[in-house]
Each structure stands twice: as C-alpha cells, then as structure tokens.
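Let me begin by presenting the structure, written as structure tokens, before commenting on it.
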Amino acid sequence: AHKKIWAIKILHRDISINNAMMYEEALLDGTVRVWGLLIDFDYVVKVDGSSHTAGPADCMGYTQGMLPFMAVELLQAGEDSSVQHTAAHDVKSFVYLLCWITMLYDSP
C-alpha cells in the first residue's frame, strides 16, 4: 500500500496500528492473497520529485503520528527542528509496527 501511494508521490506520515490493515482475497484457483491497506490520510503530503521529503512547512508546526510508531529521528528532533519527514521515516514506522504486532498478538 505504501509503495503504491509513494509511486504517485504521496507521503503518508502516520503509519500506526490504527492505520494499517490487511485483508484476504480468495482467488478463483482456490489460493488466498493477502493485501495491505493504509487508511487515515489526514497527514499526507504531496512531495515533489526532487526532494522526496515533506518539510517543516508541510507539518503545520507539529509532529505527526502515534508516538510508539514514529521514527526516533523525528522524536528526537522535536517540534522546532529542520528535520524533514521522509519515506524512510514511514518505512521505520512499519518496522516498529511489525515489532508491536509480533510482541503483543499471538494470533490473527
């Protein structure tokens, strides 16, 4: 899901347990395909093709996302920093989300 929205130069910036979903699709041949889905596009920004970042002006003066899933670099930077939110920060949020799921859930 993230790869598809990144392909059209959209940065989600709020990857969390509440915004990432999975669903199964039964195919005609009897196999099951699992799809990922991102919801809650309140903090998305369109990024230009050169920088691949969302600057402080795009952040409306505060940091987006749920704290347990935010990239450490963004948390350490604070609100008045020049650290820009990048696609790499979203990918780090996916890693934290995967850790959260594997440690807190034993089954689907």
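Would you call Tyr23 part of a strand (DSSP E or B) and either touching a Phe, Trp or Tyr at 6+ places or on another chain (Cβ under 6 Å) or at pLDDT below 85 (or both)? Answer is yes for this residue.
Contact map, the range 1-13: first residue modelled with pLDDT of 90 or more, second residue open to solvent by less than 50 Å² (accessible area, probe 1.4 Å) and of a type outside the set (A, V, I, L, M), Cβ cut-off under 6 Å, separation 6 or more or different chains; pairs are His12/Asp90; Arg13/Gln64; Arg13/His85. If you check Asp29 against the conditions, is it at pLDDT below 90 and not hydrophobic (A, V, I, L, M, F, W, C)? No. Could you count how many residues in the range 75-91 are in contact (Cβ under 8 Å) with a residue 40 or more places away in the chain and either surrounded by fewer than 18 Cβ atoms within 10 Å (Cβ to Cβ) or among the small types (Gly, Ala, Ser) (or both)? Within the range 75-91, residues that are in contact (Cβ under 8 Å) with a residue 40 or more places away in the chain and either surrounded by fewer than 18 Cβ atoms within 10 Å (Cβ to Cβ) or among the small types (Gly, Ala, Ser) (or both) number 2. Once the range 92-108 is narrowed to residues that are open to solvent by 80 Å² or more (accessible area, probe 1.4 Å) and touching a residue at least 12 places away in the same chain (Cβ under 8 Å), the residue that is nearest to Arg13 (Cα to Cα) is Lys92.
For the range 14-42, name all the residues that are of a type in the set (Asp, Glu) and free of Cβ contacts under 8 Å to residues at least 12 places away in the same chain. Those that are of a type in the set (Asp, Glu) and free of Cβ contacts under 8 Å to residues at least 12 places away in the same chain: Glu24, Glu25, Asp29.
Candidates are the residues of the range 3-29 that are among the small types (Gly, Ala, Ser) and open to solvent by 60 Å² or more (accessible area, probe 1.4 Å); the one that is nearest to Val95 (Cα to Cα) is Ala7.
The values are calculated or read from the model by the stated rules, or taken from the named source; none is laboratory data. Everything numeric in this text was worked out from a predicted model, so none of it was measured. In this analysis, Cβ positions are derived from the backbone assuming ideal geometry, glycine residues included, and neighbour counts consider all displayed protein chains. With ligands, DNA and RNA removed, areas are computed over all heavy atoms of the protein, side chains included. Shrake-Rupley method; radii C 1.70, N 1.55, O 1.52, S 1.80 Å.
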